[in-house]
Amino acid sequence: MKYSRQRESILNSLNEKLDHPTAEMVYNCVKKEQPNISLGTVYRNLNQLVEQGVLRRIATPVSGDRFDIRTDPHAHLLCTRCGKVLDLEDDLISELDRNVMRTTGFLVNDRQLLLSGICADCLAAQQVHLTEETEDQQAV
């Protein structure tokens, strides 16, 4: 893949923002530095970078495709409330790979694991909201 300033800006944006952005998020970030870049150019470059193994695509049912600069096998957590995607580092997942090999003879060399739920920030906000409602009801 030959060098381009636009591709370099896209990669820099992904290196700076480790929050698994969508193509639109990358576009909004890169547009500040490259005002003539189009959303289509960002999509094309992201797709090429995925095909070259430079990026990983994370397909999410809630917020569309997200992109990850980390290409090593690891799992992700998706918050169904705010849409945040987080990396999950867990020895249990590596143990699962070993168990698959031991029981089936199948060597896992890649995985796409996305666990959906509610992130700690959203749970904390929910608790605050429930506490405030309880206090309001007790005041009546």
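A few comments on the model shown:
- Extension gain (nm, one decimal) between Val128 and Leu115, 0.36 nm per residue minus Cα-Cα: 2.2 nm
- Secondary-structure-derived ellipticity at 222 nm for the chain, considering helices only, amounts to -16000 deg cm²/dmol, per-run term -39500 (n - 2.57) for DSSP H runs with n ≥ 4.
- Overall Cα dimensions of the chain, principal axis frame, Å, largest first: 68, 52, 22
- In the stretch 1-81, trypsin sites (Lys or Arg not before Pro) in a DSSP loop with at most 10 other beta-carbon atoms within 10 Å: Lys2
- Loop-resident GluC sites (Glu not before Pro) (DSSP state other than H, G, I, E or B) in the stretch 33-140 with no more than 13 further Cβ atoms inside 10 Å of their Cβ: Glu89.
- Simple rule: put +1 on each Lys or Arg Cβ and -1 on each Asp or Glu Cβ in the stretch 5-139, find the dipole, and look at Asn15, Val62, Gly40; the Cα lying farthest toward the positive end is Gly40.
- Of all the options Asn99, Asn12, Asn47, the one that moves most in a Gaussian network model of the chain with Cα springs shorter than 10 angstrom is Asn99.
- Projected label distance in nm at Leu88 and Asp72, using a 7 Å step from Cα toward the beta-carbon: 1.8 nm
- Straight-line cross-link reach from Lys84 at under 18 Å between alpha-carbon atoms covers these lysines, not counting any fewer than eight positions away in the same chain: Lys17.
- Proxy reagent accessibility, fewest Cβ within 10 Å first, across Leu114, Leu11: Leu114, Leu11
Every number here is computed from the coordinates shown, using simple stated rules; none is lab data. All values derive from a computational prediction rather than experimental measurement. Cβ atoms come from the backbone with ideal geometry, glycine included; neighbour counts cover every protein chain shown.
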